[in-house]
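Structure first, then comments.
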Amino acid sequence: MSRIITFIGKAGIGHTTLAIATAKWFSQQRKEVLFVTHNPSPNAEILLKTPLTNIPQIVAPHLQAVQLQPTIMLDQTWEEVKKLLSLYIPMPDSEEIYSGELILFPGFDSLLYFNAMRQYYQSGDYEVIVYDGRGDLETLRMLGIPGMLDWYFQRFGKMFEGFSLHKIADSIGGPIASAIVSANVDTEKVQQGLEQIRSWIAEGMAVVGDAGRLTSYLVTSNEPGASAETKWLWGSAQQVNLIVSGVLAYQCQESNDLTDLQQVFAPLNVTSIPALKEHNWDPLLEALPDFNDNHQAPLPLKIDLESRQLFVFLPGFTKKQVKLTQHGKELTVEAGEQRRNIFLPPDLQKLSIQSGKFEEPYLIVAFEEKQGQA
């Protein structure tokens with residue numbers, strides 16, 4: 001089974017260096033490793049001493065590297081989308097749209113990155129994939145794509161159930177109905193396509209919520225602003241159900257600095273990593289934590305049915321930064337410029353909220369019997 005390693009924290013404090021060190025650490029154990037970056041800066045190429053392309057290439061024994069390039073991925077994805085659509089909808093040759101014409105919408109690159117990571121993960125060619133992203137809110141939202149899509153499918157999926165163009169056409173009538181019917185869409189294939197998307201979503205959610213398959217580490221320095229931002233991102237990671245397994249303190253060798261960071265990021269283990277000097281990777285590799293150790297880390301969400309309580313782990317936030325609302329059978333938690341919708345288990349759906357309080361680092365929600373309910 002493949003696993004993904006990624007890093008979260010303030011930019012500019014060694015993400016790429018630590019990602020490459022991690023890839024080298026696994027490759028020395030004879031694991032087949034893929035280092036993935038999409039950062040446009042040449043830093044990764046300089047550190048690896050190899051020009052990177054959009055195709056994985058060998059840079060060391062058991063280690064390959066690739067640089068994701070959105071425009072090329074857009075071209076490749078467009079060709080795949082056209083083939084998929086042609087199964088359901090006739091594609092007129094006279095209205096051909098070429099991939100070279102397509103413009104990349106803001107934010108769409110995250111979908112392309114996620115799709116590329118999904119393909120590498122499912123290929124089975126790599127035992128470990130080390131993802132060198134920006135490590136900020138954009139990375140978290142990319143990792144949260146399966147959960148977001150799952151919510152939309154649960155909310156709007158019924159609209160596609162029993163989908164019938166002929167019924168729609170009969171209700172409309174006239175020339176519009178004729179146009180709909182002439183589209184000759186195979187509704188059975190549409191349903192099959194939707195089921196395929198649902199399976200991708202379910203697998204993506206399983207990976208993000210499993211620390212054994214997606215391991216994330218915080219990256220910080222001893223600079224107060226860096227540690228504060230990294231802790232805020234730690235809390236934000238909980239909103240996409242991402243478990244953080246530890247902290248890598250880059251270029252923090254003083255014991256006082258480490259003691260302070262351990263207090264800030266408790267109960268996570270903080271590991272001090274020395275600076276890279278003259279491309280000598282050995283000191284970094286020796287300092288890295290044992291990535292094969294299943295570190296115990298706080299779960300983003302705990303539900304205690306016996307006490308009728310729900311615990312949302314939100315480090316780095318204050319009471320004023322957290323908002324809780326209930327919409328039918330789900331709770332919405334707003335924090336870190338993100339919303340997380342939590343579908344309540346059946347036993348709690350029948351109850352009403354008794355209280356919602358923030359006791360750092362947890363949002364604690366208590367439930368009680370609804371009035372008039374026996």
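The values are calculated or read from the model by the stated rules, or taken from the named source; none is laboratory data. Please read all numbers here as calculations on a predicted model, not as lab measurements. Neighbour counts run over all protein chains shown; Cβ positions are idealised from the backbone, glycine included. All accessible areas refer to the heavy atoms of the entire protein, side chains included, with ligands and DNA or RNA removed. Shrake-Rupley method; radii C 1.70, N 1.55, O 1.52, S 1.80 Å.
At a 1.4 Å probe radius, which order do THR50, THR22 fall into by accessible area, largest first? Display every interim value, and only then the final one.
Working: THR50 25, THR22 0 Å².
Heavy-atom accessible area, descending, gives THR50, THR22.
In sequence order, segment 226-233 has phi-based couplings of 5, 5, 5, 5, 5, 5, 4, 5 Hz under the Karplus curve 6.51 cos²θ - 1.76 cosθ + 1.60, θ = phi - 60°, and Gly or Pro positions carry x. Take the Cα of PHE343, step 7 Å toward its Cβ, do the same at ILE46, and the gap between the two points is 4.8 nm. Projecting the Cα atoms of LEU301, LEU285, ALA249 onto the dipole axis of segment 242-309, where Lys and Arg carry +1 and Asp and Glu carry -1 at the beta carbon, places LEU301 farthest toward the positive end. Suppose R0 equals 41 Å. What FRET efficiency, 1/(1 + (r/R0)^6) with r the Cβ-Cβ distance, do ASP136 and ASP304 give to the nearest 0.05? Calculated transfer efficiency: 0.80. Projecting label points 7 angstrom from Cα along Cα→Cβ for THR259 and GLU195 puts them 6.2 nm apart.
Could you check how much of the accessible area of segment 1-81 is carbon and sulfur, as a whole percent, using a 1.4 Å probe? Walk me through the numbers before you get to the answer.
Numbers: 1990 of 3490 Å².
That share works out to 57 percent.
Quick one: Cα centre-to-centre distance for segment 3-40 and segment 231-248, in angstrom? Cα centroid of segment 3-40 versus Cα centroid of segment 231-248: 17 Å apart.
At an R0 of 22 angstrom, the distance between the Cβ atoms of HIS295 and GLN119 translates into a FRET efficiency of 0.20.
Extension gain for GLN29-TRP151 works out to 40.0 nm (0.36 nm per residue, less the C-alpha to C-alpha distance). Rounded to the nearest 10 Å², what accessible area does ILE342 show when all protein chains are kept and the probe is 1.4 Å? Around 10 Å² of this residue is reachable by solvent.
Set the Förster distance to 45 Å, then compute FRET efficiency between ALA60 and ALA228 from the Cβ-Cβ distance, nearest 0.05.
Working: r = 36 Å, r/R0 = 0.80.
The computed FRET efficiency comes out at 0.80.
Multiplying the sequence separation of ALA11 and GLN321 by 0.36 nm and subtracting their Cα-Cα distance, what value in nm do you get?
Numbers: separation 310, 0.36 × 310 = 111.60 nm, distance 2.28 nm.
Using 0.36 nm per residue and subtracting the Cα-Cα distance, I get 109.3 nm.
Loop-located GluC sites (Glu not before Pro) in segment 201-276 (DSSP state not H, G, I, E or B) with no more than 16 neighbouring Cβ atoms inside 10 Å: GLU254. Each peptide among 244-251, 281-288 gets the average number of other Cβ atoms lying within 10 Å of its residues, and from highest to lowest they stand as 244-251, 281-288.
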